[in-house]
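> Have a look at this one before I ask anything.
The values are calculated or read from the model by the stated rules, or taken from the named source; none is laboratory data. This is a predicted model, so every value here is computed, not measured. Don't worry about glycine lacking a Cβ; one is built from the backbone with ideal geometry, like all the others, and counts go over all protein chains shown.
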Amino acid sequence: MNQMTTITVANDADIASTPPADRHRRPAWQRGAMVLVPIALLGAVGVKMFDHPDAAMAAPPPASVTVASPLVRQVSEWDDYVGRFAPSRTVEIRPRVAGEVTGIHFRDGEIVSKGQLLFTIDSRPFAAALAEAHANVASAKSALSLARTDLGRAQRLVADEAVSAGEVDALRGKLEAAQAALAAAQARERARALDVGFTQVRAPIGGRISDRRVDAGNQVAGGEGTGGTVLTTINALDPIYFTFDGSEALYLKTQRARQPGATPAAVEIQLQDESEHRWKGKLDFTDNGLDQRSGTIRGRAVLANPGYFLTPGMFGNMRLASAGTRQALLVPDDAVQTDQARKVLLTIDAKNVVSQKPVELGPVVDGLRIVRSGIGPNDRIIIQGTQMAMPGATVAPKVGRIVVASGTTAPSSVQPISGEATLAK
C-alpha cells in the first residue's frame, strides 16, 4: 500500500504561532529557495537591462552650435612687398671752374628751389680773362674792317687795270681770315663769360639739400664730370620713389592679372609706426629682367610728397593691387580648423549632420578670412561651438550672422603665403 505525503502551506498566523526554535528548524530546501529566488529576480532584471540599454541610460542631447552662410562681398586683393624710399632725382653739386669759395648761400638741410644761388667762387681771375676776350674781339673787328676796306678799294681799281687779279684774290683771302679771327675771338669771349657765370653755383633742381662739404675760404677743383670737388648734394623728394624687389611668383601673378591697356596698378604704403596704408601711389617701373642669383625683379612706385615728410632710405610695407575687385566668400577666422597640413571648415547638411570640408584660404579682411575654394555661398558653416562638433555627429544648430569687424588684423597662424585684401568701396 502506497504511502501518500501531504504538503501543506502554512499561513502567516501559523508561522507567527510557531515557536522560534521550530521556525529555525525549517527544511533545507526551503532555506535554499529563500536565497535563490532573490538572486533569480536580480538576474532577470540584469538581462532586461542588457537587452535594452536605452532604458538604463538616456542618450545625451545634440551639441548646440551656431551656423551661418558665408558672407559674400566685393574685395580688392593686394600683394605685400617691403622696400625703401628713394629720391626721384639726385644731383651732386660740383663747380665748373676752380678757385676759392667766397660765399655759401644756404642752410644745411633746407629746401631749395631750382636756380637758387648756393656757392660763390672768386670771380676776379675770370673777369680779367673776360676783359681780355673783349679786347681780342675788338681787335678782330678792326682787322676785319680794314680787310673789307682794302678789298673794296682793289675791286674798284680792277676796271682801270691798276690792280691785278692776283692782288684782289689775296685781299679777299685776308678778309675771310679776318672774319674767321673775329668768330674765334667772339667764341673765346663767350667761354670767358661762361666761366664768370660758373663762379655762381646754382641749384640745378629743386629739393632738399644736404650739408655743405666745403667751407668758405677753401680752394675747389673744377672740371667736367666727376673731376670737380663735391660741394653738396640735392635730392628731389616730390614726387618720391619707392623701390622694392618682388619674387618671380608674384611677378607672374601680377602679369597674368594685368589687362591690356590698363592704368598703372595702384599701391598703398604703410610706414613702420603706422597702422594703416595711408600713402597712395602707382606702379611706375618694372625692370627688364630678373636677378638670376636671387630670383627677384626690381620694381618702383611713385608717390606725391608735397610736405617732404617721406625721405630717402625709409622702410615701408607696400601692397600692390594684384587682381582688381572680385566677389569673395568670407568666414570668421576662428571657424577655420587645422587638420594636419590642411585647413578645413565644419559644415552641416539638411539633417544637421556635421561634415568636414577642406578649403583654400586667402587673406584676412577686417577680421574675416577669405575662402578661395572648398565651400559655396549656400553652405551652412559652424561659426561657434566647433569644439563640440565632430564630423558625422548630429548637432542642434542655431542661426547666426557673420559681421565685419573693422580694425582687426590677420593672425600669423593661418596667414597665407603673401598678400592681403580690403573690402571694395
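> Tell me which of these V365 doesn't satisfy, since it passes every other one: (1) touching a Lys or Arg at 6+ places or on another chain (Cβ under 7 Å); (2) in the same structural domain as M390 (by TED's automatic domain parsing); (3) farther than 30 Å from T394 by Cβ; (4) not aromatic (F, W, Y).
(1)
> Also, I was wondering about something else. Considering only region 346-388, state which residues are hydroxyl-bearing (S, T, Y) and in contact (Cβ under 8 Å) with a residue 24 or more places away in the chain.
Within region 346-388, the subset hydroxyl-bearing (S, T, Y) is 347, 355, 373, 386.
Across region 346-388, the qualifying residues are T347, S355, T386.
> Counting only residues that are loosely packed, with under 15 Cβ neighbours inside 10 Å and of a type outside the set (G, A, S), which one in region 63-79 is farthest from the chain's Cα centre (by Cα)? Break it down stepwise before answering.
Filtering region 63-79 for residues loosely packed, with under 15 Cβ neighbours inside 10 Å gives 64, 72, 74.
Still in the list and also of a type outside the set (G, A, S): 72, 74.
Working: V72: 25, Q74: 20 Å.
By that ranking, first place goes to V72.
> Considering only residues that are among the β-branched types (V, I, T) and either crowded, with 20+ Cβ neighbours inside 10 Å or closer than 21 Å to G374 by Cβ (or both), which ones fall in region 306-332? Please lay out each step first, then the result.
Going through region 306-332, the residues among the β-branched types (V, I, T) turn out to be 311, 325, 331.
Once the filter is applied, which keeps residues that are among the β-branched types (V, I, T) and either crowded, with 20+ Cβ neighbours inside 10 Å or closer than 21 Å to G374 by Cβ (or both), region 306-332 yields only V331.
> A follow-up question, please. Could you run through region 284-308 and say how many residues are part of a loop (DSSP other than H, G, I, E, B) and not polar (S, T, N, Q)? It would help to see each step written out before you state the result.
Step one: of region 284-308, the residues part of a loop (DSSP other than H, G, I, E, B) are 287-290, 292-295, 304-308.
Retained after the next criterion (residues that are not polar (S, T, N, Q)): 287, 289-290, 293, 295, 304, 306-308.
Residues flagged as part of a loop (DSSP other than H, G, I, E, B) and not polar (S, T, N, Q) within region 284-308 amount to 9.
> Shifting gears a bit: Could you list, in sequence order, the residues of region 195-226 that are free of Cβ contacts under 8 Å to residues at least 24 places away in the same chain and either over 23 Å from G109 (Cα atoms) or among the hydrophobic types (A, V, I, L, M, F, W, C) (or both)? Step through it out loud before you land on a result.
Within region 195-226, the first condition is being free of Cβ contacts under 8 Å to residues at least 24 places away in the same chain, and the residues that meet it are 197, 213, 225.
Listed by number, the residues that qualify are G197, G225.
> Looking at region 103-125, I want the residues that are in contact (Cβ under 8 Å) with a residue 60 or more places away in the chain and have a partner that is part of a helix (DSSP H, G or I) with Cβ atoms under 7 Å, at least 6 apart or on another chain. Which pairs are those?
S123/V196
> For region 148-206, name all the residues that are outside any loop (DSSP other than H, G, I, E, B) and in contact with a strand residue (DSSP E or B) (Cβ under 7 Å, 6 or more places away or on another chain). Break it down stepwise before answering.
Filtering region 148-206 for residues outside any loop (DSSP other than H, G, I, E, B) gives 148-157, 165-198, 200-202.
Within region 148-206, Q200, V201, R202 meet the criteria.
> Please verify whether I104 is touching a strand residue (DSSP E or B) at 6+ places or on another chain (Cβ under 7 Å), within 30 Å of A304 (Cβ to Cβ), among the hydrophobic types (A, V, I, L, M, F, W, C) and not assigned by TED's automatic domain parsing to the domain that holds P363, treating the condition exactly as stated.
no
> Still on this structure, I have one more. For region 65-98, what are the residues that are outside any loop (DSSP other than H, G, I, E, B) and either under 16 Å from R208 (Cα atoms) or of a type in the set (G, A, S) (or both)? It would help to see each step written out before you state the result.
Pass one, region 65-98, residues outside any loop (DSSP other than H, G, I, E, B): 65-68, 71-93.
Answer for region 65-98, where residues must be outside any loop (DSSP other than H, G, I, E, B) and either under 16 Å from R208 (Cα atoms) or of a type in the set (G, A, S) (or both): A68, S76, G83, F85, A86, P87, S88, R89, T90, V91, E92, I93.
> Quick one: in region 256-283, which of the residues that are surrounded by fewer than 18 Cβ atoms within 10 Å (Cβ to Cβ) and outside any loop (DSSP other than H, G, I, E, B) is nearest to the chain's Cα centre (by Cα)?
Among them, the one singled out is Q270.
> Here's another thing I want to ask about it. Go through region 333-358 and report how many residues are β-branched (V, I, T), crowded, with 17+ Cβ neighbours inside 10 Å and either more than 15 Å from T386 (Cβ to Cβ) or out of contact with any Asp or Glu (no Cβ under 7 Å at 6 or more places or on another chain) (or both). Full working, then the answer.
Filtering region 333-358 for residues β-branched (V, I, T) gives 336, 338, 344, 347-348, 353-354.
Narrowing further to those that are crowded, with 17+ Cβ neighbours inside 10 Å: 336, 344, 347-348, 354.
Narrowing further to those that are either more than 15 Å from T386 (Cβ to Cβ) or out of contact with any Asp or Glu (no Cβ under 7 Å at 6 or more places or on another chain) (or both): 336, 344, 348, 354.
So the answer is 4.
> Then there's this: Tell me, yes or no, whether region 211-226 has at least one residue that is surrounded by 16 or more Cβ atoms within 10 Å (Cβ to Cβ) and outside the structural domain of R107 (by TED's automatic domain parsing). Give the steps one after another, and end with the answer.
Going residue by residue through region 211-226, those that are surrounded by 16 or more Cβ atoms within 10 Å (Cβ to Cβ) are 212, 214, 220, 222.
Then drop every residue that is not outside the structural domain of R107 (by TED's automatic domain parsing), which leaves none.
No, region 211-226 contains no residue that is surrounded by 16 or more Cβ atoms within 10 Å (Cβ to Cβ) and outside the structural domain of R107 (by TED's automatic domain parsing).
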